[in-house]
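Below is one structure, written out as structure tokens; comments come after it.
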Amino acid sequence: MKQRLAILGSTGSIGASTLDVLARHPDRFEVFALTAATQVDLLQQQCLQFSPRYAVMASVAHSTQLAERLKVAGSPTQVLGGAQALADIAAHEEVDAVMAAIVGAAGLAPCLAAARSGKRLLLANKEALVVGGEFFMQTVRAGGATLLPIDSEHSAIFQALPEDPATWAQRVDRIILTASGGPFRTREPRTLREVTPEQACAHPNWVMGRKISVDSATMMNKALEVIEARYLFGLPSERLEVVIHPQSVIHSMVQYSDHSVVAQLGTPDMRVPIAYGLSWPERMASGAAALDFHKLAAMTFEPMDAPGHAQRFPGIGLAWEALRGPAGTTAVLNAANEVAVAAFLEQRIRFDQIHAVNLGTLEAVVPAAPHALEELLALDAQARAAAQQCVRGLSA
């Protein structure tokens with residue numbers, strides 16, 4: 001029997017890679033629903049190729065436009081619009097698995113809906129954990145959902161951990177996340193004020209969207225991944241470590257209590273963790289090239305405290321600071337960073353001022369522990385308002 005899949009954020013890089021993997025296994029999977037924010041043209045193409053039962057757009061205006069186009073094309077796909085439709089599709093009784101690839105806090109509500117409904121939840125939206133924190137994990141447990149990480153680093157950790165999560169705290173000494181260092185790993189720190197959006201989005205190893213590319217350039221993506229790892233794997237933050245590995249061949253490592261290290265290696269291609277999540281506990285062809293050890297260049301590693309890195313990547317330490325703060329602090333950090341990155345891409349602040357916005361917002365907003373989606377959304381809105389105030393102060 002085919003596994004029915006809903007892809008939240010199908011027009012992004014993760015969504016497109018997921019569809020590429022699914023197209024290689026038409027006997028195993030059925031595309032039940034596709035969703036997008038604003039890319040009507042691309043979602044139309046995907047609907048005509050994969051014939052999902054439903055297509056959802058974030059706004060009713062865009063969904064109306066898509067519906068008209070699909071009707072003309074003779075497509076049977078039913079089009080829905082709005083945030084509630086996203087949540088309804090994620091929780092639909094006929095959906096077996098949900099690929100959560102909506103970027104940002106907008107993906108939180110449908111992720112929670114999928115978790116409450118006990119779905120197999122393939123999590124590529126790190127904000128669900130960074131914003132939702134323990135509340136999100138409690139929802140996963142209460143709904144009986146199966147949570148599988150899709151980020152390359154967290155998928156690597158998941159593959160390297162013991163099968164029984166109950167043994168992780170005793171058997172695992174530390175989790176080591178690798179980071180490429182992005183495009184500015186060797187750049188003179190004092191020149192970072194001159195960085196353009198185009199330069200920040202030119203990642204040396206991965207093809208990604210603009211927001212996550214900027215996060216990689218600032219290393220805020222790694223700060224968010226540390227937070228995600230804390231909630232995914234349950235180890236205290238002091239047992240989480242980041243090491244820079246420019247080649248992006250080792251995707252992350254687990255050091256055991258006997259100090260042996262298990263690492264997951266592969267080509268830098270998101271189809272590998274996507275295929276693993278789709279097929280777990282089995283494995284299937286991903287379409288990615290095999291790692292050729294005969295052609296592999298030397299693998300190098302740099303500690304985060306190497307000369308210049310503190311000035312290049314001041315945001316990485318905010319992960320541990322946020323985890324030490326009151327519940328909800330990680331949600332504040334995420335909201336601040338989304339506002340700061342958007343302001344940089346719109347050229348309202350400099351690249352080196354992203355950290356100032358994040359730090360200023362953390363100082364301005366002291367959260368109360370959120371216990372419901374509405375409280376999380378209110379905290380997110382409060383943090384965004386404070387971040388916008390920081391942006392205005394810097395750009396005045």
- Message: Please go through region 50-82 and give me each residue that is part of a loop (DSSP other than H, G, I, E, B) and of a type in the set (G, A, S), ordered by number.
- Response: S51, A58, S59, A73, G74, S75, G82
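Take A369 and tell me if it is among the small types (G, A, S) and under 26 Å from R312 (Cβ atoms). Steps first, answer last, please.
On the way: among the small types (G, A, S): yes; under 26 Å from R312 (Cβ atoms): no.
No; evaluated as a whole, the condition is false for this residue.
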- Query: When both residues are 6+ apart or on different chains and their Cβ atoms are under 9 Å apart, which pairs have a first residue that lies in region 38-67 and is under 15 Å from A85 (Cα atoms), and a second that is basic (K, R) and open to solvent by less than 40 Å² (accessible area, probe 1.4 Å)?
  - Reply: none
- Message: Restricting to region 54-78, and then to whatever is of a type in the set (A, V, I, L, M, F, W, C) and open to solvent by 30 Å² or more (accessible area, probe 1.4 Å), can you tell me which residue is farthest from I7 (Cα to Cα)?
- Response: V72
- Hey, can you tell me all the residues within region 370-396 that are closer than 18 Å to V140 by Cα and either in contact with a strand residue (DSSP E or B) (Cβ under 7 Å, 6 or more places away or on another chain) or of a type outside the set (D, E, K, R) (or both)? P370, H371, A372, L373, L376
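Can you pull out the residues in region 7-22 that are of a type in the set (A, V, I, L, M, F, W, C) and either open to solvent by 60 Å² or more (accessible area, probe 1.4 Å) or in contact (Cβ under 8 Å) with a residue 24 or more places away in the chain (or both)? Can you show your working first?
So the first thing to find is which residues in region 7-22 are of a type in the set (A, V, I, L, M, F, W, C), and the list is 7-8, 14, 16, 19, 21-22.
I7, L8, I14, L19, V21, L22 - these are the residues of region 7-22 that are of a type in the set (A, V, I, L, M, F, W, C) and either open to solvent by 60 Å² or more (accessible area, probe 1.4 Å) or in contact (Cβ under 8 Å) with a residue 24 or more places away in the chain (or both).
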- Has region 288-310 got at least one residue that is within 20 Å of the chain's Cα centre (by Cα) and in a helix (DSSP H, G or I)? no
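Residues in region 387-396: is at least one open to solvent by 10 Å² or more (accessible area, probe 1.4 Å), charged (D, E, K, R), under 25 Å from C201 (Cβ atoms) and under 24 Å from the mean Cα position of the chain (by Cα)?
Looking through region 387-396, none of the residues is open to solvent by 10 Å² or more (accessible area, probe 1.4 Å), charged (D, E, K, R), under 25 Å from C201 (Cβ atoms) and under 24 Å from the mean Cα position of the chain (by Cα).
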- Inspect region 244-264 for any residue being acidic (D, E), closer than 28 Å to V332 by Cα and either surrounded by fewer than 13 Cβ atoms within 10 Å (Cβ to Cβ) or in contact with a helix residue (DSSP H, G or I) (Cβ under 6 Å, 6 or more places away or on another chain) (or both) and give the result as yes or no. no
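For residues in region 191-213 being among the basic types (K, R) and within 14 Å of the chain's Cα centre (by Cα), which is farthest from E225 (Cα to Cα)?
The residue in question is R210.
Taking T196, is it farther than 30 Å from V262 by Cβ and either open to solvent by less than 10 Å² (accessible area, probe 1.4 Å) or at pLDDT 95 or above (or both)? Reasoning before the result, please.
Working: farther than 30 Å from V262 by Cβ: yes; either open to solvent by less than 10 Å² (accessible area, probe 1.4 Å) or at pLDDT 95 or above (or both): yes.
For T196, the condition - farther than 30 Å from V262 by Cβ and either open to solvent by less than 10 Å² (accessible area, probe 1.4 Å) or at pLDDT 95 or above (or both) - is met.
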- Query: Can you name the number of the only condition in (1) open to solvent by 20 Å² or more (accessible area, probe 1.4 Å); (2) in contact with a Lys or Arg (Cβ under 8 Å, 6 or more places away or on another chain) that A356 fails?
  - Reply: (2)
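Could you pull out every one of the helices (runs of 4 or more DSSP H) wholly within region 83-192 that has 3 or more residues that are of a type outside the set (D, E, K, R), open to solvent by less than 10 Å² (accessible area, probe 1.4 Å) and under 22 Å from V332 (Cβ atoms)? So that I can check it myself, show each step before the final result.
Working: elements: 83-90, 108-116, 127-143, 152-160, 168-171.
Helices (runs of 4 or more DSSP H) meeting the threshold: 108-116, 127-143.
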- What about A113, is it free of Cβ contacts under 8 Å to residues at least 60 places away in the same chain and farther than 30 Å from G315 by Cβ? yes
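The values are calculated or read from the model by the stated rules, or taken from the named source; none is laboratory data. All of these numbers come straight from a predicted model, not from anything done at the bench. Cβ atoms come from the backbone with ideal geometry, glycine included; neighbour counts cover every protein chain shown. With ligands, DNA and RNA removed, areas are computed over all heavy atoms of the protein, side chains included. Shrake-Rupley method; radii C 1.70, N 1.55, O 1.52, S 1.80 Å.
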